[in-house]
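Structure, as structure tokens:
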Amino acid sequence: MIKLLVIVVVAAAIAVALVVIGSWVANGARSLGAGIGRLIRGGGSAGETHPELPTGDADASTATADALATLADDLRAARTRRLTRCREIQELAEPTESRRYLHLAVETWPESAQDRDRLSSDSIGQIAIAAGMVADRVTDYPAWKLDFFDHHGVRVDLAAEVVALATSAATVREQVTLLGQPPTHLRTDRDVVETYTAKARLLSRRLDGLVERLDALAEYQQIVAAIQRRLDKREWLDRVSAIDEFENEVDAQWDTTEADRIRTTADESEMLASIYLDALAPLAKRLEQD
């Protein structure tokens, strides 16, 4: 009985010891794992703590660079779209006999660039050139002299439109030059980049508005062209209305009848000639000789 009691006590002591040892092992494993984690995240010994590496400046630099790259792509696409439209409008306005409004557009531009070739090579100057050409094309139509436009109050002041478009385009051109390119030494400054982007997009929208106004003037030119075609059609119809259809139809039928009569006469003449010349004439000659 005593031996059994001793065995039970020893077994209990061994169980307690195993539980204590297991707890120590578990705590040690957790400590080791935490130390390894700190080593992986921050380097150094397991007992030291290190903050995360600062990445704010690098992220800001990348963000501003991306913003400027996106801005450059958008402005390039908008400039190409505007230039293409201006050239299309110029092609529709050619050829022009008058040069009055084209000269007005050039004269309205700043003195340093009062040259058509220089304006034509400038993407913004194209707006002024196109406006002058469209106005000249409108005045080339004889229909433009009709009282119709004044009577109905639909005559556009071409000179005012050309001056307004050329003046506004020149003003925006100066502002674009003033804005220039993003300052190199401030490219990573978020405030500078945001301000530059906002102003660049504002000027681009301003140019879009000028091209839209120019497009409206070009549409007006097409309306005047359509009126001219209607006028030409009416004049042509009035001119050819002097041709009497009934009389000409009667005359045509008479000419056809006369043609048939002449053909019949020709056929009879040929038949009689063949009879007389081939048969009767030689016979008559022989009778005369006898």
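The values are calculated or read from the model by the stated rules, or taken from the named source; none is laboratory data. Quick caveat: nothing in here was measured; it's all calculated off a predicted structure. Here Cβ is always computed from backbone atoms with ideal geometry, including for glycine, and neighbour counts include all displayed protein chains.
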**Request:** Identify the residue in segment 100-151 that is in contact (Cβ under 8 Å) with a residue 60 or more places away in the chain and among the hydroxyl-bearing types (Ser, Thr, Tyr) and, among all such residues, is surrounded by the fewest Cβ atoms within 10 Å (Cβ to Cβ).
**Result:** Tyr141
**Complete:** Asp66: passes all of (1) acidic (Asp, Glu); (2) closer than 30 Å to Arg190 by Cα; (3) at pLDDT 90 or above but (3)
**Asked** Within segment 178-194, can you find the residues that are farther than 10 Å from Leu68 by Cα, surrounded by 11 or more Cβ atoms within 10 Å (Cβ to Cβ) and among the charged types (D, E, K, R)?
**Response** Asp189, Arg190
**Arg118 vs. criteria of a type in the set (Lys, Arg), in the same structural domain as Glu88 (by TED's automatic domain parsing) and under 26 Å from the mean Cα position of the chain (by Cα)** = yes
**Request:** Report whether or not Ile89 is at pLDDT below 90, in a helix (DSSP H, G or I) and over 30 Å from Pro182 (Cα atoms).
**Result:** no
**Message:** Taking the conditions exactly as written (touching a residue at least 60 places away in the same chain (Cβ under 8 Å), in a helix (DSSP H, G or I), in contact with a Leu (Cβ under 8 Å, 6 or more places away or on another chain) and in the same structural domain as Arg82 (by TED's automatic domain parsing)), does Gln222 satisfy them or not?
**Reply:** yes
**Complete:** When every residue in segment 234-251 that is part of a loop (DSSP other than H, G, I, E, B) and aliphatic (A, V, I, L, M) is compared, the one surrounded by the most Cβ atoms within 10 Å (Cβ to Cβ) is Ile243
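For segment 97-173, which helices (runs of 4 or more DSSP H) that fit wholly inside it have 2 or more residues that are of a type in the set (Phe, Trp, Tyr)?
The helices (runs of 4 or more DSSP H) meeting that bar are 148-151.
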**Request:** Mind listing just one residue for me: the one in segment 174-217 that is outside any helix (DSSP H, G or I) and within 26 Å of the chain's Cα centre (by Cα) and, of those, modelled with the highest pLDDT?
**Result:** Gly180
**Asked** Hey, among Ala226, Ala218, Ala200, which residue is of a type in the set (A, V, I, L, M, F, W, C), buried (at least 16 other Cβ atoms within 10 Å of the Cβ) and closer than 22 Å to Arg137 by Cβ?
**Response** Ala218
